[in-house]
1. Just how far, in whole angstrom, is the range 9-36 from the range 65-119 if you go by their alpha carbon centroids?
2. Roughly to the nearest percent, how much of the accessible area of the range 271-322 is carbon and sulfur, given a 1.4 Å probe?
3. Any number yet on Rg/Rh for the range 244-317, C-alpha, Kirkwood?
4. For the range 6-109, with all protein chains present and a 1.4 Å probe, just round the carbon and sulfur fraction of the accessible area to a whole percent.
5. Among Gln160, Gln270, Gln278, determine the one that fluctuates most according to a GNM of the chain built with springs between C-alpha atoms less than 10 Å apart.
6. For a quick check, take a GNM of the chain with Cα springs below 10 Å and name the residue from Ala232, Ala196, Ala311 with the largest mean-square fluctuation.
7. Using only the Cα atoms of the chain, what semi-axes does the equivalent ellipsoid have when each is the square root of 5 times a gyration tensor eigenvalue? Give whole Å, largest first.
8. Using only protein heavy atoms and a 1.4 Å probe, report how much of Lys326 is accessible, in Å² to the nearest 10.
Amino acid sequence: MHQICVMEIHNFSAGPCILPPEVMEEASQAILDFKGMGLSLIEISHRSKEFVAVMEESRSLVKSLLGLPERFDVLFLQGGASLGFLTAAYNFLPDGGAASYVDTGTWANKAVKEAHHAGTAHVIGSSKATNYDRIPALEAMPSGSSYLHYTSNNTIFGTQFSAAPETNVPLISDMSSDIFSRSFSAEQFHLIYAGAQKNMGPAGTVMYAFDRDALGKTGRSIPSYLDLSVHAAKDSMFNTPPVFPVYVSMLTMRWMQSMGGVAAMEDRNQRKANLIYQEIDRNGLFEGHATKESRSTMNATFRLKDAEHAASFDALWQDAGINGLKGHRSVGGYRASMYNALPESSVQVLVDVMQELERAH
Ligand SMILES: Cc1ncc(COP(=O)(O)O)c(C=O)c1O
């Protein structure tokens, strides 16, 4: 019998990204034979009782994991968070009205751009001048803002709001890259949306959680697919849903629940973040991109102080089985994405490699 030795890979990809191995296992099985039906999950009707059960469990797992108030509805739609930028504005920005936005980088900017299709988007804080290395201080909100939109975690720049901004207007947040990573209260939110491909599942679906009582107040006619009330009335089955991404999201949420829920994820994520940031601060060869107060627990951005070490560092981490560490082109350097499924041991391997580089110089 041949024994195949497979090197362990440490997946630091920013998204799509690592998912729990047990989820991959079960998802693979469902592709071959779903629930002993003799059929694949992806060849049965989305109206079958088997898939309807998947959709219902997925929606209810979001509610229980996030502890959403009873008035919230949950949907799994398509178009990614990029369509979410427009959907948010179409559903919550009154016709001819205004909303406030925080500019924390690429994705936040795109949200502002799309909001202009529906009304006025006031930017009340931006860290553009320092290449988005921090969460900016916010100016007073112009009167008449119907909500405040913020990107809770900035995947590219490695910054994260430590808590929701303090304001007396409803909140809307793009939580694509830190949903389920820490506890928060949804009480003040009108809408939370998140592309699945970080902490939830594969690319292909976006989760919307919203206060159903806040819908239907914009005075505009909304095209059907962009109208959250149309989807809510059809229990997220207005059209054919992305069956596989929803199924894998359900498995990942079951996994989170079995691990102790969002509070357990938060502990685990804090430990991983402490480990990497301690090393970035201690090791004289490296420096962080984000300011200390704005650091993300999901994406740690850092660089070599001396680019001459890049070739040896790159060889070291690649030899250690680390994948996906290159920073985004707008920041350069490195980005260690440490989503829920990434084990602490992978972060330790990265820290070991950083120390090895230090010893060699
Ligand atoms: C915070 C954030 N918002 C939005 C997006 C865009 O998501 P999508 O590609 O699903 O449209 C991303 C993608 O990485 C992201 O990180």
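The values are calculated or read from the model by the stated rules, or taken from the named source; none is laboratory data. All values reported here derive from a predicted model rather than from experimental measurement. Neighbour counts are summed over all protein chains in view; Cβ atoms, including those assigned to glycine, are modelled from backbone coordinates with ideal geometry. The area values use the complete protein model at the heavy-atom level, side chains included, leaving out ligands, DNA and RNA. Shrake-Rupley method; radii C 1.70, N 1.55, O 1.52, S 1.80 Å.
1. Spelled out, the Cα-based centre of one part sits 29 Å from the other.
2. 47
3. Across the range 244-317, the Cα-based Rg/Rh ratio is 1.13.
4. On the way: 2500 of 4460 Å².
Taking all protein chains in place, the range 6-109 shows 56 percent carbon and sulfur surface.
5. In this elastic network of the chain, the residue with the biggest mean-square fluctuation among Gln160, Gln270, Gln278 is Gln278.
6. Of the options given, Ala311 has the highest mean-square fluctuation.
7. Working: eigenvalues 233, 167, 47 Å².
The equivalent ellipsoid of the chain has semi-axes of 34, 29, 15 Å.
8. Approximately 110 Å² for this residue.
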